[in-house]
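The values are calculated or read from the model by the stated rules, or taken from the named source; none is laboratory data. Owing to the predicted nature of the structure, the values given are computational and were not obtained by experimental measurement. Ideal geometry is used to build each Cβ from the backbone, glycine not excepted, and the neighbour counts take in all protein chains shown. Note: accessible area is taken over every heavy atom of the protein model, side chains too, but ligands, DNA and RNA are not part of it. Shrake-Rupley method; radii C 1.70, N 1.55, O 1.52, S 1.80 Å.
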Amino acid sequence: MAKIAMIGAGSIVFAKNIMVDILSFPELSDSTIALMDIDPKRLDLIRKLADKLVKQENYKATIISTTDRREALKDADYVITMIQVGGLEAYQIDIEIPLKYGVKQAVGDTLGPGGVFRFLRTAAVFKDIARDMEELCPDALWINYVNPMAMNCWYINRISNIKNVGLCHSVQGTSEWLAKIIGAPYSEVSFIAAGINHMAWFLEFKWKGKDAYPLIREKYNDPNVYKMDVTKFEFLKHFGYYVTESSHHMSEYVPYFRKFDHWIDKIHKDANWNDDGVYNGMYLKCCQNAAAKFDEDMEELINAEKVEVKRTHEYGAYIIHSIETGVPRVIYGNVDNKSLITNLPQGCCVEVPCLVDKNGIQPTVIGDLPPQLAALNRTNINVQELAVMGALTGKKEYIYQAIMMDPLTSAVLDMDQIRSMVSEMFAAEEKWLLPIKLK
């Protein structure tokens, strides 16, 4: 009987999917799931959904709900974080202040001004979670789903010895997309990807053991396929490899696209991601729309005749199942770079294939990435490193310098403009940053 603490469980749909994933394994269906959130209303909704699921499927699981994080963490075997510090109020600042200066982020949760400030808000809470875990569940595995993934996991590894792994779904989603566009059943493809979160690269992609890259490259010339993934096909053309992250996300991490409106339009308009035409801060708009319908959607889910039990491709439940049962699996995890990718900095956070079994998370040594891919990764790692140094030391100057190194921001603004923008963001977000004592 494992105890699984879900911190930020008011992320209803995501928490529901993770719960279904876990409980759908017979060996995990008697787990204790501790749901924790600071919002009592959202916590009540996810508790009702959990109770409905357990009753519907006749699971033997024990469901706990609490606003006390320490209660949720006590004696946990696994801790899953899915929080958003500052909520949509802070997120809107992350998008709107940079946009005023001409920095046109699509999502703004991974790199750039939005990603750095989201990290700073999260670091203040993660430090407390790490200390609580060291006291209450020192042997637990921390499974992090919170962006910016690389900065958050890098920070965790610098402040604590708690075992941890960061999880995303970009490798799964993009590999499924590549199989689809070449007409291959997903069960017949194999691949190796590596790099950093949101900028990992398919070093190999095979169909029935044969190199499928020639088939993928052909799709650059298919306008119906190309328009759905503009940025990634451009990187395939110019750098030779397909990247794991979505085109709108990837367009934020490099200097080539989002300083030009014609590229922004080209990336977004035919991809069906953004029906309302909001290309800058598009994910913020999606979140605001979802929040406006939150109560209605959740009541509909809770009052539905049946909760759908369908396992997703998220890795979290598979990791827990493999550790508990010994069933070996390969997942893609964000881990400490201890000579795993040898031409990226030691100690940064890398995304690599990992074997999981009763021995836990065992990352694969990749060696050197192709030099052009490592160079692209390092442009993002530069930002991550300085941001993490800012959180560790409390020195604001590192944060200014981190955002000065951001590829998109530095392509649009000069250094004085960046300093003004960052100062404005510090002032607007001060109430969430005080716990890390920036000075």
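Which of Asn359, Cys348, Ile381 sits closest to the plus end of the dipole of the range 335-422, meaning its Cα is farthest towards the positive end, when Lys and Arg get +1 and Asp and Glu get -1 on the C-beta?
With unit charges placed on the Cβ atoms, the residue in question is Asn359.
How much space per residue, in cubic angstrom, does the convex hull of the C-alpha atoms of the range 117-196 take up? Could you put the intermediate results ahead of the total?
Details: hull volume 9.0 nm³, N = 80.
For the range 117-196, the hull spanned by Cα atoms encloses 113 Å³ per residue.
Beyond 20 Å, how much of the Cα-Cα pair distribution for the range 169-234 remains, as a whole percent? Mind showing how you got there, number by number?
Details: 485 of 2145 pairs.
For the range 169-234, the fraction of Cα-Cα distances above 20 Å is 23 percent.
Testing the spin-label approximation: label points 7 Å from Cα along Cα→Cβ at Ala375 and Thr312. State their distance in nm.
Here the modelled spin labels are 3.7 nm apart.
In terms of modelled amide H atoms, which long-range or inter-chain residues lie less than 5 Å from the amide H of Asn164?
For Asn164, the qualifying residues are Trp142.
I need the fraction of alpha carbon pairs in the range 200-357 separated by more than 26 Å, rounded to a whole percent. All intermediate terms of the calculation are to be shown ahead of the outcome.
Working: 6347 of 12403 pairs.
So the pairs more than 26 Å apart make up 51 percent of the total in the range 200-357.
In whole Å and largest first, what semi-axes does the C-alpha gyration tensor of the range 50-150 yield when each eigenvalue is scaled by 5 and square-rooted? Please list the in-between numbers first.
Values: eigenvalues 213, 63, 24 Å².
Taking √(5λ) for each Cα gyration eigenvalue gives 33, 18, 11 Å.
Rg(Cα) of the range 313-439 divided by 2.2 N^0.38 Å? Mind dumping the intermediate values first?
Numbers: Rg = 18.6 Å, N = 127, 2.2 N^0.38 = 13.9 Å.
Rounded to two decimals, the normalised Rg is 1.34.
Quick one: putting +1 on the C-beta of Lys and Arg, -1 on the C-beta of Asp and Glu, what dipole do you get for the range 44-101 around its Cα centre, in Debye to the nearest 20? Walk me through the intermediate numbers first.
Working: 9 positive and 10 negative charges, 46 e Å.
The calculation lands at about 220 debye.
Please calculate how many Å² of accessible area the chain carries per residue, with a 1.4 Å probe and no DNA, RNA or ligand atoms counted.
41 Å²
Tell me, how many Å apart are the Cα centres for the range 97-134 and for the range 198-220?
Centre-to-centre distance over Cα atoms comes out at 32 Å.
Just to be sure I follow: if Rg is taken over the C-alpha atoms of the range 170-280 and Rh is the Kirkwood radius over the same atoms, what is Rg/Rh?
Details: Rg = 13.8 Å, Rh = 14.3 Å.
Value, to two decimals: 0.96.
Tell me which lysines have Cα within less than 23 Å of Lys52's Cα, excluding those fewer than 8 residues away on the same chain?
Candidates past the 8-residue exclusion: Lys3, Lys16, Lys41, Lys60, Lys293, Lys306, Lys310.
Could you give the alpha-carbon Rg of the range 325-380 over 2.2 N^0.38 Å, rounded to two decimals? Before the final figure, lay out the partial values.
Details: Rg = 12.4 Å, N = 56, 2.2 N^0.38 = 10.2 Å.
Rg over 2.2 N^0.38 Å, computed on Cα atoms: 1.22.
So, with a 1.4 angstrom probe, what is the percent of accessible area on the range 136-255 that is carbon and sulfur? Show your work: numbers first, answer last.
Details: 2150 of 4200 Å².
Here carbon and sulfur together make up 51 percent of the probe-accessible area.
From the Cα gyration tensor of the chain, with a ≥ b ≥ c the square roots of its eigenvalues, which class applies: rounded if a/c is under 1.5, or else prolate if a/b is larger than b/c, or else oblate? Intermediate results must be reported in sequence, preceding the final value.
Values: a/c = 1.39, a/b = 1.16, b/c = 1.20.
The shape class here is rounded.
May I ask for the Kirkwood hydrodynamic radius of the range 201-247, worked out over all distinct Cα pairs and given in angstroms to one decimal?
Values: mean 1/r = 0.0918 Å⁻¹.
So the Kirkwood estimate lands at 10.9 Å.
If the cut-off is 17 Å between C-alpha atoms, which aspartates and glutamates fall inside it for Lys232, apart from same-chain ones fewer than 8 positions away?
Glu176, Glu204, Glu218, Asp222, Glu245, Glu252, Asp265, Asp270
Please list, or write none, the lysines whose alpha carbon is within less than 18 Å of the alpha carbon of Lys104, excluding same-chain residues fewer than 8 places away.
Within the straight-line limit of under 18 Å, Lys104 reaches these lysines: Lys259, Lys266, Lys269, Lys285.
Which of the listed residues, Val85, Met405, Leu53, is farthest toward the dipole's positive end in the chain, when Lys, Arg count +1 and Asp, Glu count -1 at the beta-carbon?
In the chain, that residue is Met405.
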